């Protein structure tokens, strides 16, 4: 009987082993299926996230601190700031943390300001969080907005203002970037936009780092199979919906077509009864589109609805406002979608009633962000009891982002239109500037001829010749001066110039007088008297006088233009032009012509003045009593002519002023003469020229130099008052003390001067200088010499104005040059920013990073005009490069075996894709290198010949650097010799940085995937060990008991076999639960003490070991994670004591305390060396479970005396 029972027992054990094998097979199949489903889900999540990204996301930098430091340094350099800080916002802890501090010498490693500060103590953080826009803060007036210690730091460095930029990504604030300046000068819009772009990159880098960590944690988490399948189905549906919007965005031309399409896609994917789009970009909110009964109504169609049935909808279309209570926050500042339950009456009562009547009780209101503001909303309605899941909300927010992108694109198109208008205005301004430049040139020439000619008629002829020369490009062949004789009311040709040569009028068909009252002259004369410019064809009788039509037509004139000459209100004649073109002149050309003709009017007036002067001179000569006066006038005129000749001949105006003082000293017998200039703004006076006894005076060579004087307001006021009293010239006694600049009077007295005189130099109403002279004895200057002094003073004033105008012209030229350089730089930056944004958009929206790398390669080649280019990856182990992607003939070609024939002979030898990079100077030097094929000594002869056969003239090598580590290379080819500009190299390096980020993302994604797999495998191994292995151990122990019972008490074997069966069934259930669930529910482990007692009883039943179980303290519920892991830890420790330690006594104590819960398990077994590396998988499992629940583990063991295991879990970690 015992033998038969034993046989049955063995057969039963064999069945259990078969079941165990089947269980393992089932577990392996499940693991394989679960892994496949996870991969499918991960791919769907990846595709969904890629489509959901906006067009401005940037890839994660491998070293976030270094990247943020680089961003801060670059922003500081671009804005020419004096210091910069990058502060991160820890939302969980509600603190601000200083990440980067940069000064002129670089990054400060030990921050001089507080490392962390509560956000409640930093006022400007709240402002940035609310406005989500960059803002200037004045350090003096807004010191209360800064944190403690930072104000002292800023003031110690002389900083005056701070420009703070919020770091935003996806509507979330990650911190701010602050630029500090020592001045309060404004910063132009382009630099602020550049700062925003850099801040956006920093925010994206921070966000991507956070997302990478979240993705890693998400990969570790294991979802149930049913939830994963439902998630996959939903993601596939969302992916399809998003793909439709992306396709539509690329094919539809206007946002008016795109919004209705999105509303229809929403209706298909949300089980919605209706949906709509609201515009909140202005003060009011407007219902713009409404989808009802399968039809999308536009604003005009909504307003045309039946007002009795849709009165509320029509009011929404006409504009309305909404309170903060409706959406939980300000409509424009909300950041997430809001669910509204109209059945519960959470909105405006009349709208709640309307939606309930339509069956729209459940509303999802999704903000549509354009920039940092919610300028619209996508609103979805469906029936009661149908709340929106997180996945639906995420899809709705992504569709809303697509709408925002379309609206932003539409706004950008309008902005581009306005930019084009501004550019056109600028072009017109430049053309006008060119015309003014031409006018200024002509005025200068005519002025020079005015200054040198003496015959009044010759002056007029010279001016007309100059005008004819300048106007020749406009089709002017001939020019004539017509003079009106008022007594006879006739007009006569006074001067006629053809092709730059004056024509003889006497005896020609122009040698006659024309009455203005004649029929042919009446209409033209009337227009000349009333209009400022007359133009018409030669056939127009209202323009051309009939008597000269044949003459003009014989010269090929197609049109005529007249510019009247006026003196006050009186018309004195006109200037006529022959025009070879029938195209009317532009307003700018007309303005130029009138300006030039005004010079003729001036010359004619001067001619009249000259005749009057000549008549006066003849009358004076006839007066015998005036001969002496005439002699003096001759002397003065000679001096004036001499000074005028010197002014005309000397290029250095300062020398002219010295010569003028010499002439003045010689003619009035002055011992000393000096000329000052005054600068009222700086309150300084400067000696421009000085003469002592006819010799230029040098201050520094004198033993008693002229005193330095200022032009303080009180001195200038006294001088002006004195000059006005003394009729513009002031005489002072050098021996009598006075209040006006006493130190100057004292100096003259020491020099032996008896009398000094001063003449103000006034330009308009401004005092710009003073002419002073001194006499060694009392002077009695006659009136003629005083007039002479005034004349020379006027010439000195003119010379000083010339100096000022020359300096102003110089500064204007420099400013224009700087402006042109700045405009060129802005154009280059705009092109570079557009290129970088294009590649950033691809990096953010392209789900396959391999394709993103190809796009960067393509954009780089197109921007530089390259015929072909390639991307190489570096293998640090093999120390070699392998070709990865090629841009060739306008296509992106991956370097894979299938494409080897296409690349053969162009980028690779034969079909070998493993060939190393040949030119590596740019790799060694870590900088871009230009290789000229025909000249570079680094190119081997065979390679040079091969490149020459391919028509390659120049190569550009760019290293791809991650810090100082080489990860790849760009090689760009040109079919012509190229010398790249610095901005081109700068753009190329920026694109190379983006490629580096994409490559690093590929590596990080693969590393995260492998890490997740490793962690999941370890978890499953632990679960199997804690379930199946423990069950098998118990079965093994019970089998040993059977062998003992066969000899002691065979009748008791049946109960033991039942126990073995129970253990096997329990192990099987535990294994299945370990596979299907990560952790049990909290309720299942609500009573940890009871669970522990059950476990101890099951493990030690029928064992000879003496067991003592104690529960200390007041019991309370622990979390499922704590309870589950503590029981598994106890199971492992008890099994080890029974199986390996051969203990006869076992003590188990579970203690509930106010600050912690602890579990102590001690035995008197054989003990061991407490080294986890050699303690088997069981001790490793105990350690991992303790770490998993945040416990403190202590293991004490002495050989021959026993083992004690103690784990303590802090209260905040374990209380449920």
Select from the range 917-950 the residues that are under 20 Å from residue 888 (Cβ atoms), at pLDDT 85 or above and not in a strand (DSSP E or B) and list them in ascending order.
917, 919, 933, 943, 946, 947, 948, 949, 950
When residue 572 is run through (1) in a strand (DSSP E or B); (2) under 16 Å from residue 533 (Cβ atoms), the failure sits at (2)
For the range 1100-1119, enumerate the residues that are out of contact with any strand residue (DSSP E or B) (no Cβ under 9 Å at 6 or more places or on another chain) and either without any contact (Cβ under 8 Å) to a residue 60 or more places away in the chain or crowded, with 20+ Cβ neighbours inside 10 Å (or both).
1101, 1104
Matching residues in the range 874-887 - criterion: being surrounded by fewer than 19 Cβ atoms within 10 Å (Cβ to Cβ) and either within 35 Å of the chain's Cα centre (by Cα) or assigned to a strand (DSSP E or B) (or both):
875, 880, 882
Complete set of residues in the range 527-550 that are surrounded by 14 or more Cβ atoms within 10 Å (Cβ to Cβ), touching a helix residue (DSSP H, G or I) at 6+ places or on another chain (Cβ under 7 Å) and within 20 Å of residue 588 (Cα to Cα)
533, 534
Checked 1193, 1126, 1179 against criteria (more than 24 Å from residue 1090 (Cα to Cα) and within 59 Å of the chain's Cα centre (by Cα)); the one match is 1179
Mind checking whether some residue in the range 250-262 is touching a strand residue (DSSP E or B) at 6+ places or on another chain (Cβ under 7 Å), farther than 30 Å from residue 161 by Cα, at pLDDT 75 or above and part of a helix (DSSP H, G or I)?
yes
Only one of (1) assigned to a helix (DSSP H, G or I); (2) surrounded by 15 or more Cβ atoms within 10 Å (Cβ to Cβ); (3) modelled with pLDDT under 85 does not apply to residue 374, and that is (1)
Extreme residue, nearest to residue 933 (Cα to Cα), among residues of the range 951-982 that are part of a loop (DSSP other than H, G, I, E, B) and within 27 Å of the chain's Cα centre (by Cα):
980
Can you pull out every residue in the range 322-345 that is at pLDDT 75 or above, touching a strand residue (DSSP E or B) at 6+ places or on another chain (Cβ under 9 Å) and surrounded by fewer than 19 Cβ atoms within 10 Å (Cβ to Cβ)?
322, 335, 336, 338, 339, 341, 343
Residue under question is residue 170, and the condition is that it be at pLDDT 80 or above and either crowded, with 19+ Cβ neighbours inside 10 Å or in the same structural domain as residue 74 (by TED's automatic domain parsing) (or both); does it hold?
no
When (1) part of a strand (DSSP E or B); (2) at pLDDT below 85 are applied to residue 147, the one that fails is (1)
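The values are calculated or read from the model by the stated rules, or taken from the named source; none is laboratory data. Just so we're clear, the structure is a prediction, and the values are computed from it rather than from any experiment. Using ideal geometry, Cβ is built from the backbone for each residue, glycine included, and neighbour counts are taken over all protein chains shown.
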